[in-house]
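Have a look at the structure below, then the notes.
The values are calculated or read from the model by the stated rules, or taken from the named source; none is laboratory data. If you're wondering where the values come from, they're calculated on a predicted model, not measured in any experiment. Cβ atoms come from the backbone with ideal geometry, glycine included; neighbour counts cover every protein chain shown.
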Amino acid sequence: MKYIKYITMVLLVGLFAACSDKDVTYDMDKANDATKAYIQLFNMAPIANNAANYAYAIDINGYEYVNDCAAVLQTRNGFPGGGTNLFMTVDAGTVNIKLYKKENVTYERDANGLFYVTFTRETVRVNPGDTIYFVESDGVVVGGTKIKKELIYNGEDVVGKIVRDKDQNALERIVKEPYYVGQTTVEAGKRYQVVIHDLAKDPVAVEMDAIPAMGEVKQEFGDVTDIIGEGFNSKFYNFLYESEGVPYPYKLQAFYKNQETGEFDVPGGEPFGFGEACKWKTIPMKKSTYNSSGYARMDYTFHVIDANGNDLGQLEYVKANGTSGAFTDYWSSYYVGRAYTHFVIGVRDGSGVVMANTRWTAQ
């Protein structure tokens with residue numbers, strides 16, 4: 001029992017020693033709302049959704065964001081990513097944006113006949129006696145034999161060949177020239193979602209309105225109003241093109257499918273034109289698993305609204321297989337209490353990237 005007593009005393013002393021009245025501080029400066037604005041950056045241009053079109057470096061007013069040659073802004077996605085409600089701070093006024101791709105590093109030869117490689121922005125010389133690496137398909141031949149792995153460099157002509165590491169992986173770098181350059185303006189103290197919608201045009205900065213607090217969520221079924229207390233917040237952006245380079249000329253009105261009736265009769269906000277967004281709207285839902293935090297599949301569609309406010313019916317588009325039909329879409333997991341931003345993108349008439357709707361979790 002003595003040992004237990006002493007051990008307990010030692011633990012208590014350790015616990016008291018661990019307690020401190022010191023404040024935990026972080027190496028950061030608080031943003032000044034009088035001079036700073038807050039932005040999220042999105043790439044919603046009607047281009048192929050693949051790694052060849054990802055941004056591997058972003059320059060915002062001279063500040064570069066990179067992640068060791070990993071993609072920092074994918075197509076149909078936003079930055080900062082990896083969490084909700086994250087923004088970049090920028091000086092109010094003009095915001096200059098540049099996006100950069102990446103490429104394989106290749107050996108190059110300078111005016112003196114010496115070889116070098118450039119990793120991201122750093123140039124490294126290749127000297128006689130250095131070990132360099134290839135795979136057989138690179139086609140480097142020494143003495144009539146294709147090099148399959150390592151080569152002790154002794155002046156061989158390797159210009160234009162891909163640089164590899166000792167595990168024969170192809171090395172990469174950020175391309176020096178940006179593939180997108182654009183600018184927009186923002187005001188101090190405000191939050192914006194800045195959307196690139198055409199790689200040849202400036203982005204659109206849309207001020208982000210406050211996300212509504214979740215209160216009593218009401219679902220109306222005919223003449224009956226049911227306070228179900230479950231829902232999410234939603235808003236839609238319109239960056240739909242009618243044909244390549246031609247913005248869609250009408251406004252869109254989003255409608256969610258009523259889980260009780262199966263009809264698309266739950267408005268998802270007011271009509272919104274090209275380059276615009278509707279305001280946040282709380283959407284009622286019934287979660288799929290009762291005894292849980294809860295989520296459910298939600299389907300939606302769009303109606304076409306003309307300049308006089310007339311509803312011209314459900315939006316039709318050309319599908320990937322070339323057939324036409326009414327546009328409907330869904331996400332299988334809308335979580336209770338979340339806030340989702342949707343972007344209507346692509347080309348409606350089938351002459352470019354097929355129309356789609358992508359989603360971003362804002363909160």
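Looking only at residues in the range 30-76 that are closer than 22 Å to Arg173 by Cα and within 11 Å of the chain's Cα centre (by Cα), the one that is surrounded by the fewest Cβ atoms within 10 Å (Cβ to Cβ) is Gln74.
Going by the conditions given, is Gly313 assigned to a strand (DSSP E or B), touching a His at 6+ places or on another chain (Cβ under 8 Å) and surrounded by fewer than 18 Cβ atoms within 10 Å (Cβ to Cβ)? In short, yes. Suppose the filter is out of contact with any strand residue (DSSP E or B) (no Cβ under 8 Å at 6 or more places or on another chain), on the phi > 0 side of the Ramachandran plot and touching a residue at least 12 places away in the same chain (Cβ under 8 Å); does Gly155 pass it? When the stated conditions are applied, Gly155 passes them.
Across the range 227-246, what is the number of residues that are at pLDDT 95 or above and of a type in the set (A, V, I, L, M, F, W, C)? Of the residues in that region, 4 qualify.
For the range 28-65, the set of residues classified as among the small types (Gly, Ala, Ser) and touching a residue at least 60 places away in the same chain (Cβ under 8 Å) consists of Ala34, Ala37, Ala45, Ala48, Ala55, Ala57, listed by residue number. The set of residues from the range 239-254 being surrounded by fewer than 19 Cβ atoms within 10 Å (Cβ to Cβ) and either farther than 23 Å from Tyr317 by Cα or under 25 Å from the mean Cα position of the chain (by Cα) (or both) comprises Glu242, Ser243, Glu244, Gly245, Val246, Pro247. Among the conditions (1) under 20 Å from the mean Cα position of the chain (by Cα); (2) of a type outside the set (Gly, Ala, Ser); (3) modelled with pLDDT under 90, the only one that Val159 does not satisfy is (1). Counted as qualifying within the range 234-300 are the strands (runs of 3 or more DSSP E) with 2 or more residues that are in contact (Cβ under 8 Å) with a residue 60 or more places away in the chain, namely 241-243, 251-257, 281-284. Just to be sure I understand, how many residues within the range 295-310 are surrounded by fewer than 15 Cβ atoms within 10 Å (Cβ to Cβ) and closer than 21 Å to Ile283 by Cα? Here the count works out to 1.
On inspection, Lys281 passes the criterion of being surrounded by fewer than 20 Cβ atoms within 10 Å (Cβ to Cβ) and among the basic types (Lys, Arg). Can you find a residue in the range 320-341 that is touching a Ser or Thr at 6+ places or on another chain (Cβ under 7 Å), closer than 30 Å to Thr184 by Cα and either without any contact (Cβ under 8 Å) to a residue 40 or more places away in the chain or of a type outside the set (Lys, Arg) (or both)? Yes, the range 320-341 contains a residue that is touching a Ser or Thr at 6+ places or on another chain (Cβ under 7 Å), closer than 30 Å to Thr184 by Cα and either without any contact (Cβ under 8 Å) to a residue 40 or more places away in the chain or of a type outside the set (Lys, Arg) (or both).
Tell me, please, whether a residue that is over 21 Å from Tyr340 (Cα atoms) and modelled with pLDDT under 95 can be found in the range 273-290. Looking through the range 273-290, at least one residue is over 21 Å from Tyr340 (Cα atoms) and modelled with pLDDT under 95. The residues listed here are Tyr334, Tyr295; of these, the one that is farther than 21 Å from Asn238 by Cβ, outside the structural domain of Ala45 (by TED's automatic domain parsing) and either among the charged types (D, E, K, R) or at pLDDT below 95 (or both) is Tyr295. Residue count for the range 165-196 satisfying the condition of being at pLDDT below 95 and not hydrophobic (A, V, I, L, M, F, W, C): 9. Report whether or not Phe274 is touching a Leu at 6+ places or on another chain (Cβ under 6 Å), of a type outside the set (D, E, K, R) and within 20 Å of Tyr237 (Cα to Cα). It is false that Phe274 is touching a Leu at 6+ places or on another chain (Cβ under 6 Å), of a type outside the set (D, E, K, R) and within 20 Å of Tyr237 (Cα to Cα). Kindly indicate whether Ile345 is farther than 21 Å from Val246 by Cβ, in the same structural domain as Asn233 (by TED's automatic domain parsing) and buried (at least 19 other Cβ atoms within 10 Å of the Cβ). When the stated conditions are applied, Ile345 does not pass them.
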